[in-house]
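Peer 1: Handing you this structure, nothing more for now.
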Amino acid sequence: MSERRTAICPGTFDPVHLGHLDIFERAAALFDRVIILVAGVSGKEPLLPLARRAELARAAAAHLENVEVDTFEGLLVDYARDIGAAAIVKGLRSIDDFQHEQQMAMMNRRLLPGTDTILLVTSPQVQYISSSLIREIWALGGDVRGFVPQPVARALEDMRHQSQQI
């Protein structure tokens, strides 16, 4: 029974932020087991390597007992099939997110009937946060501590200090 109560929260999480954490926490309350699935990035250079993104997602969600972190490259439905996931959970911030996620949900449903996509609207206090904005603010020397979990803020500050020493 517990395998049917497994949900996947997929994303690149570059970096993981408070909006992601909002979705992780809410998914953890709805499902027996939640896997934060950190995806490899194809076609663009991520700020953080895959293993580091997974490590930071793990640290951000450490307080959630039924949440674990894994990485993947390839089709999400293949991973979902392999673990017997009941659902794919995604967060929505805007109508643009909805249109994209609706299309992905329909495609995933066609490729893997029986696995539903659950779209959760991000809580208003973190709805405006995006990884791309965080990367931009960080790259321009801004303070991102109010947008990311503490372990991520420390990692980004460490990166900044290391790049300044070069």
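Peer 1: Which residues, counting only those in the stretch 38-56, are among the hydrophobic types (A, V, I, L, M, F, W, C) and under 16 Å from residue 131 (Cα atoms)?
Peer 2: The answer is 38, 39, 41, 47, 48, 50, 54, 56.
Peer 1: Take the conditions within 19 Å of the chain's Cα centre (by Cα) and in a strand (DSSP E or B) and apply them to residue 118. Does it pass?
Peer 2: For residue 118, the condition - within 19 Å of the chain's Cα centre (by Cα) and in a strand (DSSP E or B) - is met.
Peer 1: Name the single residue that is nearest to residue 67 (Cα to Cα) among those in the stretch 20-42 being crowded, with 21+ Cβ neighbours inside 10 Å and touching a Phe, Trp or Tyr at 6+ places or on another chain (Cβ under 8 Å).
Peer 2: The residue in question is 34.
Peer 1: Consider the stretch 82-137. How many of its residues are on the phi < 0 side of the Ramachandran plot and in contact with a helix residue (DSSP H, G or I) (Cβ under 6 Å, 6 or more places away or on another chain)?
Peer 2: So the answer is 16.
Peer 1: OK, next. Which residue out of 80, 60 is of a type in the set (Gly, Ala, Ser), in contact with a strand residue (DSSP E or B) (Cβ under 9 Å, 6 or more places away or on another chain) and under 25 Å from residue 150 (Cβ atoms)?
Peer 2: Answer to the selection: 60.
Peer 1: I need the full set of residues from the stretch 124-152 which are surrounded by 15 or more Cβ atoms within 10 Å (Cβ to Cβ) and not in a helix (DSSP H, G or I), in order please.
Peer 2: Matches in the stretch 124-152: 127, 129, 130, 144, 147, 148, 149.
None of the figures in this text is laboratory data; all of them are computed from the coordinates on show. All values derive from a computational prediction rather than experimental measurement. Heads up, the Cβs are rebuilt from the backbone with ideal geometry, glycines too, and the neighbour counts pull from every protein chain shown.
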